[in-house]
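The values are calculated or read from the model by the stated rules, or taken from the named source; none is laboratory data. Computed from a prediction, not measured in an experiment: that's the story for all the values here. Here the Cβ is made from the backbone with ideal geometry for all residues, glycine too, and neighbour counts use every protein chain on show.
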Amino acid sequence: MSLKSQILELYNKTEFSDIDRKLFLKFRNGLNTGEIRAAEKIEGKWITNNWVKKGILAGFQMGNIVQLGTFIDKDTYPIQDITNRKNVRMVPGGSSIREGAYIGENVIMMPPMYINVGAYIDDGSMIDSHALVGTCAQVGKNVHLSAASQIGGVLEPIGANPVIVEDNVFIGGNCGIYDGVIIEQNAIIAAGVIITGSTPVFDSVNNHFLTKDNNDSLHIPQGAVVVPGTRKMKSNNDFSIYCPIIIKYRDEKSNIAVTLEDALR
């Protein structure tokens, strides 16, 4: 029986044996190593692996609440030990990574920050101070998640898509990306931008509002530069409501503005 089939059976149980716990630990190790992902890109499209989310939920169901150092949590999701990870830097000062999260090579994490179970952080990314990468969120290579930014997580409902941030994306300070939004590669999200699955985002270059794909995900296009903006309310022109705006697509000037200093590595 495949691991996927075993996890789906595990999800439907209410009582758990030692064998069930060994199965879960095998699953959790696959999350830690990146062999198992909550979402993956297949033939150019992002696919949510609902069975993985069910496996994570099964871990919460079977876990016992215990003392974990200075924390009290389910024994199935202790803080992850990353001392054996290659060239990973987690600077002292109150950061945590939960078991079941993948951290790639040359990732830098500044305190305090938090990475939850099911998250995937690919090589060379920086997670800055007060940043959050939520449950099952997928972050690509060489992403800069600036201070106090939030990448929303989702476990339930099972079919809900996680937030996905593709390679070489820059997300400015105090941003919030939620509800299964997909930030395509090389995009720049300016400081203070909030994007949810239902947020109207206007592409001023192509003169239209973005629409969701067939999987109900809102895509911020490759190389888009997004800034905070407003638009007039249809019901009352005396008031404006929030509306992020794509003001241009990435160019050499944009590249210089968001280049990570090699010295920081």
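Can you name the residue in the stretch 235-261 that is among the charged types (D, E, K, R), modelled with pLDDT under 95 and surrounded by 10 or more Cβ atoms within 10 Å (Cβ to Cβ) and, of all such residues, is nearest to THR199 (Cα to Cα)?
Of all residues in the stretch 235-261, those among the charged types (D, E, K, R) come to 238, 248, 250-253, 261.
With modelled with pLDDT under 95 added as a condition, the list becomes 238, 250-253, 261.
Still in the running and surrounded by 10 or more Cβ atoms within 10 Å (Cβ to Cβ): 250-251.
Numbers: ARG250: 22, ASP251: 25 Å.
Result: ARG250.
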Discussion item. Give me the residue from the stretch 101-136 that is among the hydrophobic types (A, V, I, L, M, F, W, C) and in a loop (DSSP other than H, G, I, E, B) and, out of that set, farthest from ASN87 (Cα to Cα).
Written reply: CYS136
Worksheet item: Which members of the stretch 1-18 meet the condition of being surrounded by 10 or more Cβ atoms within 10 Å (Cβ to Cβ) and either part of a helix (DSSP H, G or I) or free of Cβ contacts under 8 Å to residues at least 40 places away in the same chain (or both)?
Response: LEU3, LYS4, SER5, GLN6, ILE7, LEU8, GLU9, LEU10, TYR11, SER17
Item to complete: For the stretch 161-173, state whether one or more residues are touching a residue at least 40 places away in the same chain (Cβ under 8 Å), within 22 Å of THR135 (Cα to Cα) and touching a helix residue (DSSP H, G or I) at 6+ places or on another chain (Cβ under 6 Å).
Response: yes
Worksheet item: Just a yes or no: is a residue in the stretch 210-217 among the basic types (Lys, Arg) and outside any loop (DSSP other than H, G, I, E, B)?
Response: yes
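Residue by residue, here is whether (1) surrounded by fewer than 16 Cβ atoms within 10 Å (Cβ to Cβ); (2) closer than 19 Å to TYR242 by Cβ holds:
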site	(1), (2)
LEU132	no, no
GLN138	no, no
SER149	no, yes
PRO157	yes, no
VAL165	no, no
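Going by the structure shown, is SER217 free of Cβ contacts under 8 Å to residues at least 12 places away in the same chain, surrounded by 12 or more Cβ atoms within 10 Å (Cβ to Cβ) and of a type in the set (Gly, Ala, Ser)?
On the way: free of Cβ contacts under 8 Å to residues at least 12 places away in the same chain: no; surrounded by 12 or more Cβ atoms within 10 Å (Cβ to Cβ): yes; of a type in the set (Gly, Ala, Ser): yes.
Taking the combined requirement at face value, the residue does not satisfy it.
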